[in-house]
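Below is one structure, written out as structure tokens, with a few remarks after it.
The values are calculated or read from the model by the stated rules, or taken from the named source; none is laboratory data. What you see is a predicted model; the values in this text were computed from it and never measured. No Cβ is skipped: glycine too gets one built from the backbone with ideal geometry, and neighbour counts run over all protein chains shown. Each accessible area value is taken on the protein alone, full model and side chains, heavy atoms only, with ligands, DNA and RNA left out. Shrake-Rupley method; radii C 1.70, N 1.55, O 1.52, S 1.80 Å.
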Amino acid sequence: MQVVREWLKQARSIAALTGAGVSAESGVPTFRGSSGLWKQYRAEDLATPGAFARDSRLVWEWYDWRRGLIAQAQPNAGHRALVQLEERVPSFTLITQNVDGLHELAGSRNVLEVHGSIWNVRCISCARERVDRRTPLPEIPPKCDCGAVLRPGIVWFGEPLPQRVWQDAEAAARTAEVFLLIGTSSVVYPAAGLAQIAKASGARVVEINIAETVLSESIDEFLQGPSGELLPQLIA
Ligand code: OAD
């Protein structure tokens, strides 16, 4: 813990990659693990373009349910610690796989949502994208002004990441002196590859997680515990 504190203090450039674990203490379910969403639901039925083409109502009902859960969630001490860290470091990039928007709600500014946002909706015909925070949605599936069906503005399995956002994420990983890997199982690529990019570019990679992951062996420092407790301690 102490050595990581020193690295953070001295670094001029820090990047962090967060995953569902960061929002777990806000009451947002994670994807993997014993009570994870992918234990109860099949990703193939809900989070792929094929699933949406087959049954857009089913997919939207699931996202509408998740939007309702997320709407009740508040940022936790881990989100807030990352806001404080950003205020202290000359260059700070927060790359998140989370679609819940809790980092922005906490006050983080330089946030890259590499998997999109659950509050964005996009037309499958005219591609118009907008923010819709209504929950529950008044109509399922929701419709665009052009009459076509809207889809969640989320990156599904088998889809590419938004190009510009991804380029910025890669650049942040390449230039970071310290790279924080927080609350992610690091099994979903390409996001999980950012830690390797950072390491190969000379960053110290620090993982914060309640349990070891596939990457824990290959990083510089593993801190075991909930991010809502460890992050405030790290930057205190
Ligand atoms: P996962 O559910 O795969 O992993 C969550 C990680 O958080 C696990 O390693 C847990 O051990 C850890 N964890 C749980 N509670 C924690 C806590 N309080 N503090 C710290 N760590 C904790 O979630 P992601 O890695 O984010 O994709 O999953 C990656 C992607 O897979 C998601 O973005 C999502 C999913 O399919 C899309 O929605 C496109």
Check your understanding: Any idea what % of Cα-Cα pairs in the stretch 47-172 are farther than 19 Å?
Key -> 53 percent
**Study point:** Average accessible surface area per residue within the stretch 45-127, 1.4 Å rolling probe, Å²
**Key:** 41 Å²
Review point. Residues of the stretch 176-236: accessible area per residue at 1.4 Å, in Å²?
Key: 40 Å²
Exercise for review: Once you have the Kirkwood Rh of the chain from its Cα pairs, apply Stokes-Einstein at 37 °C and 0.692 mPa s and quote D in µm²/s.
Suggested key: 180 µm²/s
Check your understanding: How large is ³J(HN,Hα), in whole Hz, for each residue of the stretch 132-147 in order, when computed from phi with the Karplus curve 6.51 cos²θ - 1.76 cosθ + 1.60 and θ = phi - 60°, using x for Gly and Pro?
Key -> 9, 9, 5, 8, x, 5, x, 9, 10, x, x, 10, 7, 4, 6, x
Exercise for review: Kindly provide the pair-distance distribution of the stretch 1-62 built from C-alpha pairs, with 10 Å bins from 0 and whole-percent values in order of increasing distance.
Suggested key: 18, 29, 26, 14, 12, 1
Point to revise | Cα-centred dipole magnitude for the chain, charges only on beta-carbon of K, R (+1) and D, E (-1), debye, nearest 20 | key: 420 debye
Exercise for review: Enter the accessible area of residue 52 (Å², nearest 10), with the probe set to 1.4 Å and all protein chains included.
Suggested key: 20 Å²
Exercise for review: Note down the accessible area of residue 143, probe 1.4 Å, to the nearest 10 Å².
Suggested key: 80 Å²
Exercise for review: Using only the Cα atoms of the stretch 102-218, construct the convex hull and provide its projected area averaged over every direction, in square nanometres to one decimal.
Suggested key: 9.0 nm²
Exercise for review: Rank these residues by their accessible area, most exposed first, probe 1.4 Å: 124, 219, 118.
Suggested key: 124, 219, 118
Check your understanding: Where in the stretch 9-44 does the amide nitrogen come within less than 13 Å of the point 7 Å from the Cα of residue 74, taken along Cα to Cβ?
Key -> 26-27
Exercise for review: Compare the Cα positions of 91, 46, 194 along the charge dipole of the chain (+1 at Cβ of Lys, Arg; -1 at Cβ of Asp, Glu; about the Cα centre) and return the one farthest towards the positive end.
Suggested key: 46
Review point. Build a GNM of the chain with springs between Cα atoms under 10 Å: which of 156, 166, 65 gets the top mean-square fluctuation?
Key: 65
Review point. Which log10 I(q)/I(0) values, to two decimals, does the stretch 137-186 give at q = 0.22, 0.25 Å⁻¹ under the Debye formula with one point per Cα?
Key: -0.96, -1.06
Review point. Tell me, what % of the accessible area of the stretch 142-236 is carbon and sulfur with a 1.4 angstrom probe?
Key: 51 percent
Point to revise | Within the accessible area of the stretch 3-91 (1.4 Å probe), percent carbon and sulfur | key: 50 percent
**Study point:** Added length on full extension, which subtracts the Cα-Cα distance from 0.36 nm per residue, residue 109 to residue 91
**Key:** 5.3 nm
Review point. Pick from 40, 74, 97: which is most flexible by mean-square fluctuation in a GNM of the chain where alpha carbon atoms under 10 Å apart are linked?
Key: 40
